[in-house]
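Presented below is the structure to which this report refers.
Please treat every number below as a calculation from the coordinates, not as lab data. Here the structure is a predicted model, which is why all the values come from computation and not from measurement. Cβ placement follows ideal geometry from the backbone for every residue including glycine, while neighbour counts extend to all protein chains displayed.
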Amino acid sequence: MAEPMLPVRYRVAGRTVETRDSATLRLVPLGPALDRFRPGQFAMLYAYPVGEVPISISGIGADGALTHTVRSVGAVSRALHDAQPGTVIGVRGPFGTAWAPEDAAGNDLVVVAGGVGLAPLRPVVLAALAARSAYRRIVLIAGARTPDEFLFRAELAAWAARDDLEVELTVDRPADGWDGTVGFVTDPLTRLRLDPERTAAFLCGPEPMMRFSARVLLRDQVPPARIRVSLERSMKCGIALCGHCQLGPLLVCRDGPVVSYAVAEPLLAVPEL
Ligand SMILES: Cc1cc2nc3c(=O)[nH]c(=O)nc-3n(C[C@H](O)[C@H](O)[C@H](O)COP(=O)(O)OP(=O)(O)OC[C@H]3O[C@@H](n4cnc5c(N)ncnc54)[C@H](O)[C@@H]3O)c2cc1C
Ligand code: FES
């Protein structure tokens, strides 16, 4: 493994505009690649000379390329979002826990994403589709504020056209031509006829979205240990040294971001410092 505090240089090999404020970067190593990332893990991305932030992996290339989808909210994420092909970015990782979709093999897999939360879940859907016969139902419910704010729009359309994947898209505010649901992701989630003994659910998005979605699943008798969520806390070292990401008993950079809802439930009420 590379020295964990030393960024490894990657070059932006491709940039896809996803929405008004989000872009997907394809990064290729300038030297030896970092170890392989698993769905749910994150990298610390260094935008020289601005700074470093945690960004999940949104695609995993067999060739050592990394795909990250960045929403511009502040100085560092803006610099990453704006990085054009050819820009050199520092990368540390892989860090954190993984969704481990293979643990859900043999069961129904329900994936619920809100906004940019679809980015860390995209590799789960791709992994599950690559091993399609290992699962029973695969359901993806994704929500966005408006139809223009969905990430991976072409891919979502292709997924929705498949008959081995159930896709439900929902928006807060519809636009002309929108024929999906209007409302929260909990609406289509409530309509699913789940087999609670055979359901595994992965949730990622704003914390209230994860809390409300988990409540629907719990009400439907899905055990909390089979619901996984991704926690976000601001991070500095990424390797359990600085304490910056502490949340209750967890160091989220090491013990998360993906945790079972049994662990997350009392912690989701704790505001970030
Ligand atoms: C494990 C992990 C994985 C992440 N994966 C991704 C990812 O795949 N894609 C991605 O775009 N972001 C992701 N994030 C969030 C990303 O790290 C933050 O957006 C980034 O740190 C913001 O840094 P900044 O310097 O650009 O903005 P700051 O100057 O730190 O923040 C600017 C403003 O944005 C607010 N803000 C900060 N983070 C967020 C947020 N997540 N959502 C909404 N508002 C926020 C701040 O409160 C502040 O008001 C992830 C975070 C964690 C912990
Ligand atoms: S970010 Fe330093 S301990 Fe987690």
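Structure data summary
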read-out	value
Relative contact order (%) - the chain, alpha-carbon pairs under 8 angstrom, separation at least six	17
Within a Gaussian network of the chain (alpha carbon springs, distance under 10 Å), most fluctuating of E207, E52, E102	E102
Two-decimal Rg to Rh for region 46-176 - Kirkwood Rh, Cα set	0.99
Ranked packing of 114-120, 87-93, 7-13, most packed first, by mean Cβ within 10 Å	114-120, 87-93, 7-13
Stokes-Einstein D for the chain, Kirkwood Rh over Cα pairs, 20 °C, 1.002 mPa s (µm²/s)	113
Ellipsoid equivalent to region 10-114 - semi-axes via the Cα gyration tensor, in Å	24, 16, 12
Qualifying GluC sites (Glu not before Pro) for region 172-273 [loop in DSSP, other Cβ within 10 Å: at most 16]	E272
Fluctuation leader among Y46, Y135, Y261 - the chain, Gaussian network, Cα springs under 10 angstrom	Y135
Relative contact order (percent, whole number), region 1-71, Cα cutoff 8 Å, 6+ residue spacing	30
Cβ charges +1 (Lys, Arg) and -1 (Asp, Glu), total dipole of the chain, debye	400
Amide H partners (placed H, <5 Å) of L231, local residues excluded	V258, V259
Of G74, G64, G205, the one that fluctuates the most in a GNM where the chain has Cα springs shorter than 10 Å	G74
Rounded to whole Hz, the Karplus (6.51, -1.76, 1.60) HN-Hα couplings of region 207-221, x for glycine and proline	4, x, 4, 5, 4, 5, 5, 4, 4, 4, 5, 5, 4, 7, 6
Positive dipole terminus of region 1-156, leading residue within M44, L6, A79 (C-beta point charges)	A79
Magnitude of the charge dipole, region 126-273, Cβ model with Lys/Arg +1 and Asp/Glu -1, debye to 20	460
Given charges at beta-carbon only (K, R positive; D, E negative), |dipole| of region 1-150 in Debye	160
Lys/Arg +1, Asp/Glu -1 at C-beta; region 155-219 dipole; positive extreme among G180, T170, A200	A200
Region 127-273: Rg to Rh, with Rh as the Kirkwood radius over Cα pairs	0.99
5 angstrom amide H check on L151, placed H, neighbours 5+ away	none
